[in-house]
1. Using 1/(1 + (r/R0)^6) with R0 = 22 angstrom and r between the beta carbons of L366 and D138, what's the FRET efficiency to the nearest 0.05?
2. Given the options T47, M106, L74, identify the residue whose Cα lies farthest towards the positive end of the charge dipole of the chain (+1 on Cβ of Lys, Arg; -1 on Cβ of Asp, Glu).
3. Could you state how much accessible area V244 has, in square angstrom rounded to the nearest 10, with a 1.4 Å probe and all protein chains kept in place?
4. Assuming a strict under-30 Å limit between Cα atoms, what lysine pair count do you get for the chain once near-sequence pairs (fewer than 8 apart, same chain) are dropped?
5. Relative to the present Cα-Cα distance, how much length would full extension add between A114 and F378 at 0.36 nm per residue of separation?
6. Post the alpha-carbon centroid distance, region 119-194 to region 278-346, in whole angstrom.
7. Suppose R0 equals 22 Å. What FRET efficiency, 1/(1 + (r/R0)^6) with r the Cβ-Cβ distance, do T47 and R348 give to the nearest 0.05?
8. What list of ³J(HN,Hα) couplings, whole Hz, do you get for region 105-113 from phi and the Karplus terms 6.51, -1.76, 1.60, once you set θ to phi - 60° and write x for glycine and proline?
Amino acid sequence: MRVLCFLWLVAGLGPAVADELVQRVIDHAAAHPDGLGPVSFERAAYTGDLRDLPIGVFDSGIGGLTVLEAILSLDAFDNASLQPGADGVPDFAQERFLYFGDQANMPYGNYPAAGRTDYLRELILKDGVFLLGRRWHDGRSFREDKPPVKAIVIACNTATAYGLEDLREACRAWGLPVIVVGVVEAGARGVLAAGGQEGVVGVLATVGTCASGAYPRLIESLLGRAGRRMPYIVQHGSAALAGVIEGDPAFSQSVADCAAQEVRALLETLRREQPGQKLGTVVLGCTHYPLARTELDAAFAALRADPAFSPLLADLLTYVDPAEWTARELFRELARSGMRLRTGESCRVRDHGFYLSVPNPGMPALPLAADGGLAQAFKYGREPGKLEREDTLNAPLRGEDLPAVGRGLVEKRLPGVWRAMAHDRDSSPRP
Ligand code: DGL
């Protein structure tokens, strides 16, 4: 078994067997097949034809909406023949999506540095179970009428890095034919497809994603299997940029200033770790970063004009946005497994749905910060294993749940999502 685990890890695929943490969630959900309590789903919902179920997408917050936008706008395949090539019809036109942002427990990227990778892994499994299940909170009480999902897209780099294999393992153990696609694997495929570019691959991501080493591992594994030259890879983890983009009141910097700071830091890392090399490819390895693409681009342009930094940049800088590659991967996986809706078929729900986690007002003595979110020390101090305890509730996402900066960015830069959200955006009550 040790040899098998080693080979699995070398291939960049994460743990091969369920450890205690994953097994506990598997056992808990299996022991509650009616799906009426926390961390459980209705097992009977997964019998028969699942093609008319919606597709679940989750992130630690609203950043994953960039991935949903890429999915909603993808036209990279012929919808009739399923062959590559645009046909003028969005590839997921018939499908419906349920988005979940675990806003109350984010940023995920900071759990590893706080020594709570175990709790992060449990959160990621809970996100998946929420999408599989029917249970949600309508602002007054729990309801059990959310549709289950036929596929799960982990639209969060940190969650993919730490939880993709756990979630796949759990779905296998529950005997669910549910597809699980992760944004990091897809992003590594994007680097492969960007192919033959001059220079170093730079990964900009959260501190947690960088610490996991998932991008370098998967990029090297994919390129190695494709018989391609191994590029130098450098990473820079930002503890701030995602929060700044989201409009988190804990940060006072502008998006442009923060982007400039992180781009400079990435190039300083390259100068230190790969002297004499030039940056040729930038992986936007955090869901939020495509929202700041203009600011990041401006930051690179400013440094190109600076003689201290221009030798560190290749003539052409290629961006890899894992969101688009995730959308392609989802299409291929649905087509391969026969789970895609065929022409003339429709999803059992009419509209896309959006949910966000919020602190549970019914939980006595829940430590809260001034802005109403979970207090930092409490958030990052929790231990896994208390599956019946619900510090947070998953409720419909409303317009005012989006901080002003984040709301502005979604409205301006994610038009497909903004349109899809119109139905949920301005209605439901808050717990
Ligand atoms: N969604 C996360 C990611 O893509 C960034 C925000 C967070 O740290 O939770 O890594």
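1. Numbers: r = 20 Å, r/R0 = 0.90.
So, using R0 = 22 Å, E works out to roughly 0.65.
2. T47
3. 10 Å²
4. Working: K126/K146; K126/K150; K126/K379; K126/K386; K146/K379; K146/K386; K146/K412; K150/K386.
The result is 8.
5. Values: separation 264, 0.36 × 264 = 95.04 nm, distance 1.14 nm.
Here the answer is 93.9 nm.
6. 22 Å
7. Calculated transfer efficiency: 0.90.
8. Each residue of region 105-113 in turn: 9, 7, x, 5, x, 9, 5, x, 5 Hz.
The values are calculated or read from the model by the stated rules, or taken from the named source; none is laboratory data. Treat the numbers as computed from the prediction; the structure is a model and nothing was measured. Ideal geometry is used to build each Cβ from the backbone, glycine not excepted, and the neighbour counts take in all protein chains shown. Heads up: the accessible areas ignore ligands, DNA and RNA and are worked out on the full protein's heavy atoms, side chains in. Shrake-Rupley method; radii C 1.70, N 1.55, O 1.52, S 1.80 Å.
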